[in-house]
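The values are calculated or read from the model by the stated rules, or taken from the named source; none is laboratory data. Since we're looking at a predicted model, the values are computed, not measured. Cβ placement follows ideal geometry from the backbone for every residue including glycine, while neighbour counts extend to all protein chains displayed. Accessible surface is based on the protein model in full, side chains and every heavy atom, while ligands, DNA and RNA are left aside. Shrake-Rupley method; radii C 1.70, N 1.55, O 1.52, S 1.80 Å.
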Amino acid sequence: ETFLGHTSPITRCRFSASGNNIASASVDGTVRIWTYDSSIPASRNATIYCGAEIMSLDWECKSDRLLLIGTADGGIKAWNVDAKRVVCDLNTTDAFPSVLDLKCSPVEPIFVSAASSRRLGPNSIDSLGYASLTVWNMKTWKAMTVLPLGEDPPAITSLCFNHNGKILAASATDGMIHMFDMSAGLQITGWPAHDSAISSLLFGPDETSIFSLGSDGKIFEWSLQNQGRVLWSKTSSWFSEPQTSKYCRHEMALDASGRQLLATSGSVRAPIYQVQGHSNGFKTLPHSAAITTVDWHPSLPIFLTGSADNSVRVTSIL
């Protein structure tokens, strides 16, 4: 299934919690909600006009009802897919206009926003400025707390919660991984993981490890029981084309088993690595331009690729 509804490069695409719906965002300032499966009613299909470049998307974890959208001008919108309307329109402070990532807690009605003091410029992720991490209440739609990051902290590019929402991991442009205890609202640990900016971060399936993807194409799996120990690593040679970094913050996605890792690419195909395996895995079917965003279905062997050619593709590897 190839979706051709966008008019400019795709910045993010995400399966909903059930996997039934897909949200895809584009440089043109629109988010589209659609389904790839003809047996699922298209009643939630919608186009959301945000008026600014979309930098982050996240679905509410417990239901498929809410989609959070973060923009380059400090906006955070919550879209109710059943009511087909924006139910909340928040703004980060003027000092932090770029909402680089949003993550909903898997347990509580809260989400965290990672905002940066500068936009993603033409000279890549390393020039993103300072970071701000805010915890928001999804019932009142008000900011609850700002997580401490120290003085003049480098921009936070990617966030992920563990399964019970007690721990939040965050990656930064200085190559650091930070871990926060959400009940205390404090950082509990952190370590230097990359020599370059980290652009994507994911907990492993059993949460004994965490994966990080550097802007240099290096992928590490870190032990959480033995901090600082690398369990698996790969250097992706697919990052080579610099023009994609204008609208592409490279990212990765893990399948439900945690054994297959899909990464974005400067090429028309994206690599799928076998985690802990020695084989190089597969490559995705080609788009006609760079692969700018990826996601796996939450339970099935189906993945999404979004491209600078304005298309989003759903591929099954059954």
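The figures follow:
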quantity	calculated
Scope segment 68-96; condition in a strand (DSSP E or B) and open to solvent by less than 30 Å² (accessible area, probe 1.4 Å); matching residues	68, 69, 70, 71, 75, 76, 78, 79, 80, 88, 90
Qualifying residue in segment 104-111 (condition: crowded, with 18+ Cβ neighbours inside 10 Å, among the small types (Gly, Ala, Ser) and at pLDDT 95 or above)	yes
Residue in segment 293-312 that is closer than 27 Å to residue 100 by Cβ, touching a helix residue (DSSP H, G or I) at 6+ places or on another chain (Cβ under 8 Å) and of a type in the set (Ser, Thr, Tyr) present	no
Any chance residue 56 is among the hydroxyl-bearing types (Ser, Thr, Tyr) and open to solvent by 50 Å² or more (accessible area, probe 1.4 Å)	no
Filtered residue count, segment 19-48, keeping only those that are open to solvent by 50 Å² or more (accessible area, probe 1.4 Å), under 21 Å from residue 299 (Cβ atoms) and among the hydroxyl-bearing types (Ser, Thr, Tyr)	2
Pair list, Cβ under 6 Å, 6 or more apart: segment 295-315 residue within 18 Å of residue 5 (Cα to Cα), other residue acidic (Asp, Glu)	304/295; 314/1
Cβ pairs under 6 Å, 6+ apart, first in segment 183-200 and more than 23 Å from residue 107 (Cβ to Cβ) and part of a strand (DSSP E or B), second of a type in the set (Ser, Thr, Tyr) and open to solvent by 20 Å² or more (accessible area, probe 1.4 Å)	199/215
Hits in segment 7-18 - residues which are assigned to a loop (DSSP other than H, G, I, E, B) and open to solvent by 10 Å² or more (accessible area, probe 1.4 Å)	7, 8, 9, 17, 18
Filter pass, residue 99 being buried (at least 19 other Cβ atoms within 10 Å of the Cβ), at pLDDT below 95 and outside any loop (DSSP other than H, G, I, E, B)	yes
Residues (of a type in the set (Val, Ile, Thr) and either within 23 Å of residue 58 (Cα to Cα) or open to solvent by less than 50 Å² (accessible area, probe 1.4 Å) (or both)) located in segment 269-318	272, 275, 284, 291, 292, 293, 294, 302, 305, 312, 314, 315
Subset of segment 131-180 [open to solvent by less than 30 Å² (accessible area, probe 1.4 Å), of a type in the set (Ser, Thr, Tyr) and part of a strand (DSSP E or B)]	132, 134, 157, 158, 171
Residues of segment 197-215 that turn out to be surrounded by fewer than 17 Cβ atoms within 10 Å (Cβ to Cβ) and farther than 24 Å from residue 135 by Cβ, as a count	3
Where a residue in segment 59-73 is among the β-branched types (Val, Ile, Thr) and its partner, wherever it lies, is open to solvent by 30 Å² or more (accessible area, probe 1.4 Å), with Cβ under 8 Å and at least six apart	69/77; 71/51; 71/53; 71/77
